[in-house]
Amino acid sequence: MIIVSDTSVITNLAAIEQLELIHQLYTTIIIPVAVYNEMVAVDKLVPGAIEVQTLSWIRTQAVANIQGVIDIQTSEDNIDLGEAEAIILALELKAELILMDERRGRALAATYGLKVTGLLGILLQSKRQGLLSLVKPVMDRLIGEADFRISNDLYTTVLRNAGE
């Protein structure tokens with residue numbers, strides 16, 4: 001199974017020491033170079049930066065279709081380089097899933113026919129597979145420790161879907 005990830009899922013899970021959930025669910029993920037650089041080539045320590053450099057199950061791969069990335073960035077508002085590269089890389093690799101949280105990036109990925117899930121979908125899947133006993137405390141940690149933003153309605157919906 002080929003899974004491509006954008007930055008936010010990795011950084012948020014790493015911030016609360018739950019990055020292993022991705023490994024348990026998907027075995028291996030692939031990140032584009034821009035995502036790697038968003039985490040590593042910055043002046044401050046970003047949660048997950050050490051992990052993307054050291055964990056063997058997180059692989060970095062360059063995008064071949066640079067023009068596709070340029071086209072996305074010039075035609076779409078508010079799509080950053082990491083999101084654009086993740087979408088193009090997912091298309092190139094014929095990925096079964098792309099991990100992305102940003103609303104505009106998710107919508108664009110879907111227009112390309114990509115299956116998308118985000119952090120909350122990962123939490124729900126983790127509970128269904130018995131990797132988490134409860135979703136609520138993990139969401140609360142994301143909000144409190146990782147500054148994860150979620151509307152009250154979505155928070156309630158996720159808990160309802162989790163049976164909590």
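The values are calculated or read from the model by the stated rules, or taken from the named source; none is laboratory data. Since this is a predicted model, take the numbers as computed values, not measurements. Cβ placement follows ideal geometry from the backbone for every residue including glycine, while neighbour counts extend to all protein chains displayed.
I'd like to know if segment 130-139 contains one or more residues that are on the phi > 0 side of the Ramachandran plot and either among the β-branched types (V, I, T) or at pLDDT 95 or above (or both). Yes: one or more hits. Considering every residue within segment 83-92, establish whether at least one is outside the structural domain of F148 (by TED's automatic domain parsing) and not in a helix (DSSP H, G or I). No, every residue in segment 83-92 fails to be outside the structural domain of F148 (by TED's automatic domain parsing) and not in a helix (DSSP H, G or I).
Taking the residues in segment 96-111 that are over 16 Å from I72 (Cβ atoms) and buried (at least 16 other Cβ atoms within 10 Å of the Cβ) as candidates, determine which candidate is farthest from the chain's Cα centre (by Cα). Per the stated criteria, the residue is L97.
Residues are listed down the side, and each one gets a yes or a no for (1) in the same structural domain as G130 (by TED's automatic domain parsing); (2) assigned to a loop (DSSP other than H, G, I, E, B); (3) farther than 26 Å from I150 by Cβ:
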{"residue": "V9", "(1), (2), (3)": "no, no, no"}
{"residue": "L13", "(1), (2), (3)": "no, no, no"}
{"residue": "L45", "(1), (2), (3)": "no, yes, no"}
{"residue": "E51", "(1), (2), (3)": "no, no, no"}
{"residue": "I70", "(1), (2), (3)": "no, no, yes"}
{"residue": "T74", "(1), (2), (3)": "no, no, yes"}
{"residue": "I79", "(1), (2), (3)": "no, yes, no"}
{"residue": "A95", "(1), (2), (3)": "no, yes, no"}
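Taking the criterion of being of a type in the set (G, A, S) and surrounded by 13 or more Cβ atoms within 10 Å (Cβ to Cβ), would at least one residue in segment 54-65 satisfy it? So far as segment 54-65 goes, no, none of its residues is of a type in the set (G, A, S) and surrounded by 13 or more Cβ atoms within 10 Å (Cβ to Cβ).
Could you grab me the full set of residues in segment 26-43 that are part of a helix (DSSP H, G or I) and surrounded by fewer than 20 Cβ atoms within 10 Å (Cβ to Cβ)? Write out each step before concluding.
Initial filter on segment 26-43 (part of a helix (DSSP H, G or I)): 26, 33-40.
Scanning segment 26-43 gives Y26, V33, N37, V40.
The numbered conditions (1) more than 20 Å from L25 (Cα to Cα); (2) touching a strand residue (DSSP E or B) at 6+ places or on another chain (Cβ under 9 Å); (3) surrounded by fewer than 19 Cβ atoms within 10 Å (Cβ to Cβ) are all true for N78 except (2). Could you grab me the full set of residues in segment 53-68 that are assigned to a strand (DSSP E or B) and free of Cβ contacts under 8 Å to residues at least 40 places away in the same chain? Within segment 53-68, R59, T60, Q61 meet the criteria.
When each of K115, K94 is tested for being at pLDDT 95 or above and on the phi > 0 side of the Ramachandran plot, the lone residue that passes is K94. The lone criterion from (1) under 17 Å from L13 (Cβ atoms); (2) part of a helix (DSSP H, G or I) left unmet by L132 is number (2).
Considering only residues that are in a loop (DSSP other than H, G, I, E, B), in contact (Cβ under 8 Å) with a residue 24 or more places away in the chain and within 21 Å of L21 (Cα to Cα), which ones fall in segment 97-115? Steps first, please.
Taking segment 97-115 first, the residues in a loop (DSSP other than H, G, I, E, B) are 100-102, 112-115.
With the extra rule that they be in contact (Cβ under 8 Å) with a residue 24 or more places away in the chain, the set shrinks to 100-102, 112, 114.
Within segment 97-115, M100, D101, E102 qualify.
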